[in-house]
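Asker: First the structure, which I've put down as structure tokens, then a few questions once you've had a look.
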Amino acid sequence: MSQFDFDKHIAYFRDAQGVPVVWTVGKHLDGSPDYDQEMYQFASEFQHSTMYNRDYDRVLSKLPYDKLEERDIEKLIVESDDVATFDAITTAIIRGERHLEGMWASMLENGLLLRLTEKLQAIHKNKATVDIK
């Protein structure tokens with residue numbers, strides 16, 4: 001097992017903040033986001049880490065939100081240190097791009113993935129190390 005490299009991903013998200021993701025025209029009229037390889041690497045490493053939560057929907061259903069929106073995630077980043085919540089939110093985001101194309105682009109551009117990954121790093125440092133399976 002290898003360690004999940006928070007610092008590498010945080011550096012990528014920091015550089016990506018405020019930079020529009022390019023969309024390429026394809027089958028869809030609007031096109032599809034053309035993500036950097038680093039974004040796919042983050043998603044893959046997270047999905048293969050001990051942080052990935054297959055029961056993320058059960059964890060998220062306990063939150064006081066009907067539909068978890070970006071502003072709710074921002075609020076949780078400030079107010080909560082619950083490791084299960086942040087693992088579940090990140091899992092939902094990783095999985096969500098399949099159903100809501102461009103979600104990662106928005107979160108890259110507005111810095112939410114940066115702030116979320118910084119929060120994950122902080123709470124997992126307190127918990128223990130995070131391994132990639």
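The values are calculated or read from the model by the stated rules, or taken from the named source; none is laboratory data. Keep in mind it's a predicted model, so treat the numbers as computed, not measured. Quick reminder, even Gly has a Cβ in these numbers, built from the backbone with ideal geometry, and neighbours come from all protein chains shown. Just the protein is used for accessible areas: all its heavy atoms, side chains included, with ligands, DNA and RNA removed. Shrake-Rupley method; radii C 1.70, N 1.55, O 1.52, S 1.80 Å.
Asker: What number of residues within the stretch 75-101 satisfy the criterion of being part of a helix (DSSP H, G or I), closer than 15 Å to residue 115 by Cα and open to solvent by 60 Å² or more (accessible area, probe 1.4 Å)?
Answerer: 3
Asker: Looking at residue 60, is it within 15 Å of the chain's Cα centre (by Cα) and farther than 20 Å from residue 13 by Cα?
Answerer: Values: within 15 Å of the chain's Cα centre (by Cα): yes; farther than 20 Å from residue 13 by Cα: yes.
Here the answer is yes, as residue 60 does meet what is asked.
Asker: Filter the stretch 31-40 down to the residues that are open to solvent by 70 Å² or more (accessible area, probe 1.4 Å) and without any contact (Cβ under 8 Å) to a residue 24 or more places away in the chain and list them by number. Talk me through it step by step, then tell me what you get.
Answerer: Step one: filter the stretch 31-40 for residues open to solvent by 70 Å² or more (accessible area, probe 1.4 Å), giving 34, 36-38, 40.
Correct list: 34, 37, 40.
Asker: Does any residue in the stretch 11-30 that is within 15 Å of residue 101 (Cβ to Cβ) come within less than 7 Å, Cβ to Cβ, of a residue that is at pLDDT 80 or above and part of a helix (DSSP H, G or I) six or more places away or on a different chain, and which pairs are these?
Answerer: Every condition considered, the pairs that remain are 21/105; 21/108; 21/109.
Asker: Checking the condition within 22 Å of residue 125 (Cβ to Cβ) and modelled with pLDDT under 95, which residue from 3, 41, 47 passes?
Answerer: Values: 41 fails: modelled with pLDDT under 95; 47 fails: modelled with pLDDT under 95.
Criteria check complete, one pass: 3.
Asker: Is the stretch 46-64 home to any residue that is surrounded by fewer than 15 Cβ atoms within 10 Å (Cβ to Cβ), among the hydroxyl-bearing types (Ser, Thr, Tyr) and outside any helix (DSSP H, G or I)?
Answerer: Within the stretch 46-64, the first condition is being surrounded by fewer than 15 Cβ atoms within 10 Å (Cβ to Cβ), and the residues that meet it are 54-55, 57-58, 61-62, 64.
Filter again for among the hydroxyl-bearing types (Ser, Thr, Tyr), leaving 61.
Going one step further and asking which of them are outside any helix (DSSP H, G or I), we end up with none.
So far as the stretch 46-64 goes, no, none of its residues is surrounded by fewer than 15 Cβ atoms within 10 Å (Cβ to Cβ), among the hydroxyl-bearing types (Ser, Thr, Tyr) and outside any helix (DSSP H, G or I).
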